[in-house]
1. Among 38, 199, 297, pick out the residue whose Cα is farthest towards the positive end of the charge dipole of the chain, where Lys and Arg carry +1 and Asp and Glu carry -1 on C-beta, about the Cα centre.
2. Rounded, prolate or oblate: which fits region 201-341 when a ≥ b ≥ c are the square roots of the eigenvalues of the alpha-carbon gyration tensor, with rounded for a/c under 1.5 and prolate only if a/b beats b/c?
3. For region 181-244, which trypsin sites (Lys or Arg not before Pro) are both in a DSSP coil and crowded by at most 13 other Cβ atoms within 10 Å?
4. Between residue 126 and residue 338, what FRET efficiency follows from the Cβ-Cβ distance if R0 is 25 Å, with the result rounded to 0.05?
5. Return the loop-located GluC sites (Glu not before Pro) in region 272-343 (DSSP other than H, G, I, E, B) with at most 12 other Cβ atoms within 10 Å of their own Cβ; answer none if there are none.
6. Rounded to the nearest 0.05, what FRET efficiency do residue 320 and residue 267 have when you use their Cβ-Cβ distance and R0 = 35 Å?
7. So what's the gap between the Cα centers of region 228-298 and region 158-192, to the nearest angstrom?
8. Going Cα to Cα from residue 232, which aspartates and glutamates come in below 20 Å? Please leave out same-chain ones fewer than 8 positions away.
Amino acid sequence: MGETLPRVIVVSAVNIRKGGTLTILRECLQYLSQQEGLKVYALVHKQQLCDYPGITYLEFPWTIKSWGRRLWCEYVTMHRVSLEIEKKEGQEIDTWLSLHDTTPRVKARHQEVYCHTSFPFLKWKARDLVMDPKIPLFAMFTRFAYRINIHRNDCLIVQQEWFRDGLSRITGYPKEKIRVIPPKVSVEGIVPETIVSGVPMFLYVSTADCHKNFETLCQAARLLEKEVGTGKFRVVLTISGEENRYARWVKKRWADVRSVEFKGFMKREKLYGYYKAATCFVFPSRVETWGLPITEYSLLNGGRMLLADLPYAHGVAEGKGVYFPATNPVRLKELMYESLATR
């Protein structure tokens, strides 16, 4: 009898370079590298980002230069690559797992896609077009891109139940074939810096993207400052106000609010220190796939959280938050005042 050939698995992640998706890619490849009876191919931007033994890497650094190149890679190049792998291995690919939303045109027995881009559910505003036109354009494009070839997949993978419902609704993909797998978040192994705050601190941890909605928190801080006076509280933001057009606009528009502090990017030890020192955590983002800072704050502090009244926040906070309409600074100000009064 002939020797049994190992199952061929392909993990496609050509545009993943940072953040939570890179962590997922690394965990996926680390796990597969430890399994017997598999021949694993990883299609990546750079091998050095996720280098594990026993994996055959194919690099595609050119796909990040434009969406046109990315689409060509997904729907033309990937098909050729799947045929080349089949020829080299002498058998058909068993499973093709794409880790970034789109369903490539490939030859394989089974296909699966990890869907993590929440922009199709963003209610974008005219200001978004001015601050960063890529955001609303990406929101419109991904709503269309999700649908391409989607029914070729044996299953889709998402992080939250609301995403499962929404994805099924906008694509027509059967809800029962969408698996919900929440991310595993750990704060172990990091020693937080000691942060001392003389007054109550409201903390918002996020990047300088226009959908992160810093303006609602800054306006709420201005209203609260007028009501209770300066020096009674702090609002700490993890942007410097210089990152991009949106960040510069936020800093200029609310430069007169003395309670707002633009701290900029923090290393994890310092960030964790702020999590532990915060009196209250605020998260007004208008769209998220998960909302990792909410989970991190819950694990490190467990205190009061004021969250945008949106599906992602309800899903990740599991009933532990107090909610406000994402673009209503008056209501947020009222909740911030309550936080000061009940401290």
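Computed from the coordinates by the stated procedures, all read-outs in this text should not be read as laboratory data. Predicted model, so just to flag it, every value in this text is computed and none were measured. Cβ atoms come from the backbone with ideal geometry, glycine included; neighbour counts cover every protein chain shown.
1. Ranked along the dipole, the leading option is 199.
2. rounded
3. Sites meeting the loop and neighbour criteria: 184, 232.
4. E between residue 126 and residue 338, to the nearest 0.05, is 0.20.
5. Listed in order of number, the matching sites are 318.
6. So, using R0 = 35 Å, E works out to roughly 0.85.
7. 25
8. Once the sequence-local aspartates and glutamates are set aside, what remains near residue 232 is 256, 261, 334, 338.
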